[in-house]
Amino acid sequence: MEISQTEGYACETAELHALMARADAVRAAEWGDVVTYSRKVFVPLTNMCRDTCTYCSFVADPESARASLMTPEQVLHTAWQGREQGCKELLFSLGERPEARYPAAAAALARLGYQTTNAYLRDMCELVLTETGLLPHVNAGTLTDDEIDMLRPVSASMGMMLETVSKRLTRKGMPHYGCPDKTPVQRLRTLERTGQRGVPFTTGLLIGIGETWAERIDSLAVINAAHARHGHIQEVIIQNFQQKPGIGMADHPEPSLEDMLRTLAVARLMLAPEISLQAPPNLSSRHAEYLRAGMNDWGGISPVTVDFINPDHAWPQIDALAASTAAAGLRLQERLTIYPAFLRHGDRFLDPSLSARIHAMARADGLALDQRTGATP
């Protein structure tokens, strides 16, 4: 960590180019000239959710025609499409506990033979592993101890965006009002529980939803503190809010490029250097600036499926992203859903049932092996 929480507060008005230069130096010292990405297929298991965040266009009311709960056949069909396109990771994205709020969601699960979404998710992870060999990464939101234990043997990694630690944003009229899973205490409990169990974990901030600069710094500080206790945070995503038609925040201003760059740079300086820093490449075309602000990973990119959270923003072509990365003097390399450093400590961060499978997909340096040639992707 280059700067403290207190110093982070002061960075709101610090000179941006100087911040970026410091952040870039930290990135280079830890990650060299490599920028990574994961070739993955996205499976939106269900878009029903008991939370109603006003910036979200993914969620659908269970009574609407847009509501969906994928069948096992649909999951496998999508998974095989990803496998055929060289994907190694399958990301399950889903709403949180819709059955706890909506009888229609509970009924949809019951028709498939399940009482809870997370029990169904567990079996779909196993199905994907068994039938296709793709490595599941689950974004199931807040989880109990028992749910983490249930999912860990069938998922190589897990994730949950912290988004913010601001309690203020849960008040009436704010984006997290009436969203039980978005209370900071619940999000932080999941960070802690996954850390205690050695789960390779992704988290991050959603910026521009009404939080203050100080609240962003506080959010980065608690993520770093959790990692200091448990060493389980693989990557932190800095994601910029996007306007979308039909959402409650359709007219809310998006964060500026400068705001995004400043947040990325300060995140790199506040977080432990071994935590990968990521920003979605489809939510901005300013890739060179992002790289100069200290980020080292482009996250998951799919040659098969859209970004279901931001469907109006297409994924960049991997070749094009490699070219823009090279223009910044860096090399794009494919990784697995579990990072090399975590793979090297698989006795702690991997369930024994997954270890041999994952090692067989990795190069000697822990990055992704080209399954067709055994060479660098």
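For the reader, a short list of remarks on this structure follows.
- Out of Thr164, Thr212, Thr170, Thr183, sole residue that is within 17 Å of the chain's Cα centre (by Cα) and among the β-branched types (Val, Ile, Thr): Thr164
- Qualifying residue in the stretch 238-255 (condition: closer than 17 Å to Ser276 by Cα and not hydrophobic (A, V, I, L, M, F, W, C)): yes
- Hits in the stretch 89-117 - residues which are in contact with a Pro (Cβ under 9 Å, 6 or more places away or on another chain) and of a type in the set (Phe, Trp, Tyr): Phe92, Tyr102
- Beta carbons closer than 6 Å, at least 6 apart along the sequence or on distinct chains, pair a first residue in the stretch 302-325 that is under 17 Å from Phe92 (Cβ atoms) and among the hydrophobic types (A, V, I, L, M, F, W, C) with a second that is in a helix (DSSP H, G or I) and at pLDDT 75 or above for Val304/Gln81; Val304/Gly82.
- Within the set Gly198, Gly173, the sole residue that is in a loop (DSSP other than H, G, I, E, B) and more than 29 Å from Asn240 (Cβ to Cβ) turns out to be Gly198.
Listed here are the residues, each with its yes/no results for (1) under 30 Å from Leu336 (Cβ atoms); (2) outside any loop (DSSP other than H, G, I, E, B); (3) under 23 Å from the mean Cα position of the chain (by Cα).
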site	(1), (2), (3)
Ala14	no, no, no
Ala18	no, yes, no
Ala25	yes, yes, no
Glu30	yes, yes, yes
Tyr37	yes, yes, yes
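- Highlighted here are the helices (runs of 4 or more DSSP H) found entirely within the stretch 78-157 that include at least 3 residues which are crowded, with 21+ Cβ neighbours inside 10 Å and at pLDDT 95 or above: 117-132.
- Condition check for Val304: closer than 27 Å to Ala156 by Cβ, modelled with pLDDT under 95 and either in contact with a strand residue (DSSP E or B) (Cβ under 6 Å, 6 or more places away or on another chain) or among the basic types (Lys, Arg) (or both): yes
- Here Leu205, Leu127, Leu169 are screened, and the one residue that is touching a Pro at 6+ places or on another chain (Cβ under 9 Å), farther than 26 Å from Leu354 by Cα and not aromatic (Phe, Trp, Tyr) is Leu169.
- Some residue of the stretch 241-263 being in contact with a Phe, Trp or Tyr (Cβ under 9 Å, 6 or more places away or on another chain), surrounded by fewer than 19 Cβ atoms within 10 Å (Cβ to Cβ), closer than 27 Å to Arg348 by Cβ and not β-branched (Val, Ile, Thr): no
- The stretch 318-332 - residue that is part of a helix (DSSP H, G or I) and among the small types (Gly, Ala, Ser) and, of those, nearest to Tyr290 (Cα to Cα): Ser324
- When Ser38, Ser4 are checked against the criterion of being closer than 30 Å to Arg268 by Cβ, polar (S, T, N, Q) and surrounded by fewer than 16 Cβ atoms within 10 Å (Cβ to Cβ), Ser4 stands alone in meeting it.
- Phe342 satisfies every condition listed in (1) at pLDDT below 90; (2) closer than 27 Å to Asn282 by Cβ; (3) not hydroxyl-bearing (Ser, Thr, Tyr) except (1).
The values are calculated or read from the model by the stated rules, or taken from the named source; none is laboratory data. Everything numeric here is computed off the predicted structure, so don't read it as measured data. Positions of Cβ are generated from backbone atoms using ideal geometry, with glycine treated the same way; all protein chains shown enter the neighbour counts.
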